[in-house]
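Before any comments, here is the structure.
Derivation of every value follows stated rules applied to the coordinates shown; laboratory data play no part. Everything numeric in this text was worked out from a predicted model, so none of it was measured. Because the Cβ atoms are built from the backbone with ideal geometry, glycine has one as well, and the counts that use them run over all protein chains shown.
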Amino acid sequence: MITCAFASRWICGIAIGVIGVSIATVASPRAGLAAPAAHENPRSYCARAGTDDELHQPPPALEPAIRRLFNIRGNYALKTTYYRCAEGAVKICFVGANLPCGKANASRSLPAVTRWCETHPDTEFIPLYVTGHNSLYSWHCVGARAATGAPRGTLDAQGFFADYWKTAE
């Protein structure tokens, strides 16, 4: 069990969330699906895999597509993106401060938001550091009760924010 005696609870919660996402990102691929070989072209891998929700670091072969899709210059293309497979296609996401590449959290009950509303009743907007950048919904407080607002985006069939993922042609 992870304890948080060193910092405030919300800082600890954010740190544990980041650690959890990092572990999930590097966890082994789903059972029965071999991870892409180091030398395997992502297009070949995705054609073979079909759909693979694991986020992979892009190899140099994807750099031209990344530069074109996201207008990235310099040596950041491979350091700031992930790829995954969706129905045989290579999908690429550019990581940004408010651009979560992982699956969206579609939960309508978030403990951190509930605690926020208990101490900040009638708040019209709950900050993303409380809700998580991956929350599907905007949040607010009705009295001391947490309530979801409009969805912040559309999800694809695998539960990722559709607008953040582009198909490599």
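Quick one: what does P(r) look like for region 48-131 with 5 Å bins over all Cα pairs, in whole %?
Using 5 Å bins, I get a P(r) of 3, 12, 19, 17, 12, 10, 10, 9, 6, 2, 0 for region 48-131.
Find the percent of Cα-Cα distances in region 111-151 that exceed 16 Å, and round it to a whole number.
Distances greater than 16 Å cover 19 percent of the Cα pairs.
Please give the length that would be gained between Leu78 and Tyr129 if that part of the chain were fully extended, namely 0.36 nm times their separation in residues minus their C-alpha to C-alpha distance (nm, one decimal). Working shown, then result.
Numbers: separation 51, 0.36 × 51 = 18.36 nm, distance 2.64 nm.
Between Leu78 and Tyr129, full extension yields 15.7 nm more.
Could you check the simple spin-label distance between Ala144 and Glu87, using points 7 Å along Cα→Cβ, in nm with one decimal?
With each label point 7 Å from Cα toward Cβ, the separation is 4.8 nm.
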